[in-house]
1. Right, ILE77: touching a Leu at 6+ places or on another chain (Cβ under 9 Å) and of a type outside the set (Lys, Arg) or not?
2. Take region 76-98 and flag every residue that is buried (at least 17 other Cβ atoms within 10 Å of the Cβ) and touching a residue at least 24 places away in the same chain (Cβ under 8 Å).
3. In the set ASP126, ASP120, ASP138, which member is in contact (Cβ under 8 Å) with a residue 40 or more places away in the chain and outside any strand (DSSP E or B)?
4. Please state which one of GLY122, GLY102 is at pLDDT 95 or above, buried (at least 16 other Cβ atoms within 10 Å of the Cβ) and out of contact with any helix residue (DSSP H, G or I) (no Cβ under 6 Å at 6 or more places or on another chain).
Amino acid sequence: MMKPSVNKVLVVVAFLICGGAVPSLATALGAQPEMSPEARSAPSVAQPSSSEEKILGVWTGQMSTSSGTVTSVVLKISTPLQPGTVSASLVYGGQRLCSAQGRYEGTRGERTVFSLSSRDGGVFCDKLRQLQVWPTSDQEVSYQTSSDDKRTESGMLKKEIRSY
């Protein structure tokens with residue numbers, strides 16, 4: 001009987017804990033998805049621009065809400081960055097406790113733009129409509145969200161450095 005690799009075990013555990021957020025976790029753990037024969041023969045994907053390449057990865061930080069409450073923010077941006085493709089995940093902790101997925105829309109200057117939709121029905125994330133992200137250094141990005149009620153929030157996140 002073959003023993004499963006550590007990555008496969010972690011992915012299964014994450015599936016049970018996260019309720020299906022396995023593809024992004026599997027990628028974060030370094031697992032390479034298997035490609036179907038159709039995908040192998042598909043035309044190649046355009047490479048991200050320099051500013052888009054700088055925003056790829058996992059970014060973390062904290063922000064102060066309008067009521068003064070501090071909440072954690074995690075942003076994950078992955079490839080492919082193609083119009084309509086879900087390439088971003090935005091997760092809020094604290095009292096907000098919600099997440100949104102971002103579909104790549106393109107760029108506006110140095111800013112990469114995503115349209116947002118709630119993933120879990122959290123009241124705050126249900127109102128989010130757009131995310132803009134731009135690099136400020138190799139280790140930091142700035143972001144701005146806008147919502148249905150015309151509110152905008154912005155902040156800065158640091159690149160998460162993981163060692164395994």
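The values are calculated or read from the model by the stated rules, or taken from the named source; none is laboratory data. Predicted model, so just to flag it, every value in this text is computed and none were measured. Neighbour counts are summed over all protein chains in view; Cβ atoms, including those assigned to glycine, are modelled from backbone coordinates with ideal geometry.
1. Yes, satisfied.
2. Once the filter is applied, which keeps residues that are buried (at least 17 other Cβ atoms within 10 Å of the Cβ) and touching a residue at least 24 places away in the same chain (Cβ under 8 Å), region 76-98 yields LYS76, ILE77, SER78, LEU81, SER87, ALA88, SER89, LEU90, TYR92, ARG96, CYS98.
3. None of the others qualify; the one that does is ASP138.
4. Within the list GLY122, GLY102, the selection yields GLY102.
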